[in-house]
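Take a look at the structure below.
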Amino acid sequence: MKTKRAATVADFLVHLPPERRREVERVRGVIRAHLPRGYEEAVAKKMLVFQVPLSRYPDTYNGHPLWYVALASEKSYLSLHLMSVYADAAQAERLREGFRAAGKKLDMGKACVHFKTADDLALDVIGAIVAATPLDRWVATAQAVRTRGRKPERRQ
């Protein structure tokens, strides 16, 4: 993405090169189609972010909305951040197995999937992962982590 900071989702999208915009919009469409109720879409740190509104969970560790999914356009690739995969071993395995079954290569860090085009992704699996964590459960996970004061224990 160009260096100009986008203030809105429309701003973010319009500043992407056309070929990148097409890919981001495809993945964004899958996210939006499967996103449980209550999350909001915003732009933060040069990414499209699907987050818990501060009005629902204001007591975050950093005072910013709690992220659930983020979509970024990096210099040479796109990235999809699936925060719940980091906290849930079953979802992480579901993601790995879904990519394997679809014959797709999973290029992933702890919760970040790198890709060049939407065709690199197992979009049905991405949709299922996004749909899997209702807002209240995601907030409860964050609250439990804060209470323990450490990284989330991965659910089995």
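The values are calculated or read from the model by the stated rules, or taken from the named source; none is laboratory data. Just so you know, these numbers come straight off a predicted model, no measurement behind them. Glycine also receives a Cβ, built like all others from the backbone with ideal geometry; neighbour counts cover every protein chain displayed. All accessible areas refer to the heavy atoms of the entire protein, side chains included, with ligands and DNA or RNA removed. Shrake-Rupley method; radii C 1.70, N 1.55, O 1.52, S 1.80 Å.
Listed values, structure above:
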| quantity | calculated |
| --- | --- |
| Boolean, Tyr61 is at pLDDT below 95 and under 19 Å from Ala87 (Cα atoms) | yes |
| Any hit, segment 15-24, residues being in contact with a strand residue (DSSP E or B) (Cβ under 9 Å, 6 or more places away or on another chain), touching a residue at least 60 places away in the same chain (Cβ under 8 Å) and within 19 Å of Ala131 (Cα to Cα) | no |
| Helices (runs of 4 or more DSSP H) within segment 56-151 that include 1 or more residues open to solvent by 10 Å² or more (accessible area, probe 1.4 Å) and of a type in the set (D, E, K, R) | 89-101, 123-131, 135-148 |
| Residue within segment 84-103 that is over 15 Å from Ile129 (Cβ atoms) and modelled with pLDDT of 95 or more present | yes |
| Any hit, segment 37-53, residues being of a type in the set (S, T, N, Q) and modelled with pLDDT of 95 or more | yes |
| Looking only at segment 7-30, and only at residues there that are within 18 Å of the chain's Cα centre (by Cα) and farther than 18 Å from Lys45 by Cβ, the one that is most open to solvent (accessible area, probe 1.4 Å) | Arg22 |
| Pairs with Cβ under 6 Å, 6+ apart, first in segment 55-77 and touching a residue at least 24 places away in the same chain (Cβ under 8 Å), second of a type in the set (Ser, Thr, Tyr) and in a strand (DSSP E or B) | Ala72/Ser79 |
